[in-house]
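**Student:** If you scroll down you'll find the structure; I have some questions about it.
Readers should treat all values here as calculations from the given coordinates under stated rules, not as data from a laboratory. Model, not experiment: these values are computed from the prediction.
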Amino acid sequence: MNKGTPHMHQKEFVAKDGQTYSIRLNDSGEEISVFQGTEPMGVIDLKRVRMPSGIEYYLLTVLDLEKCKRKGIGEASLRYHQEIFRRPLTANGDVREGRRSSGSQITREGVLFIQKMRMKEVVAPEEFHDAFSEDE
């Protein structure tokens, strides 16, 4: 019996456009993939951070949902991640729009998305990240 990739969480989500998308989380919680059928629609990468104090959280590093933005998928993806991994999600100024382009900083739209997620308490407030950041 082939049940697909082991160690993966998946959930179907009906977006604002009425289409059904699959939200997939890898077992480490460091990748959220969005598919429509078999077609990849976007990805959110996160870095799992464990503080010396034992506190763990995930830092958003790549926000690449260009093909499916403004449909509620980004928020649904982050909420699903929290439901499964139960760790705070954080973001700083170093979120990239895509994996390949290391220099491409997040757009104003992406910044607004993060702000909106903070307001909805999906992403922790900036103070959370600042309070635990060791390199600043």
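**Student:** Need the full-extension length gain, Glu83 to Ser28, defined as separation in residues times 0.36 nm minus the C-alpha distance. One decimal, nm.
**Tutor:** This chain segment gains 18.4 nm when fully extended.
**Student:** Could you tell me the convex hull volume per residue, in Å³, taken over the Cα atoms of the range 8-132?
**Tutor:** It is 106 Å³ per residue.
**Student:** If you don't mind, there's one more thing I want to ask. List the residues, sorted by chain then number, that are 5 or more residues from Glu31 or on another chain and whose placed amide H is less than 5 Å from its amide H.
**Tutor:** Answer set, sorted by chain and number: Asn26, Leu46.
**Student:** Another question, if that's okay. Give me the extension gain from Lys16 to Phe35: residue separation times 0.36 nm, minus the current Cα-Cα distance, reported in nm with one decimal.
**Tutor:** Gain on stretching Lys16 to Phe35: 5.3 nm.
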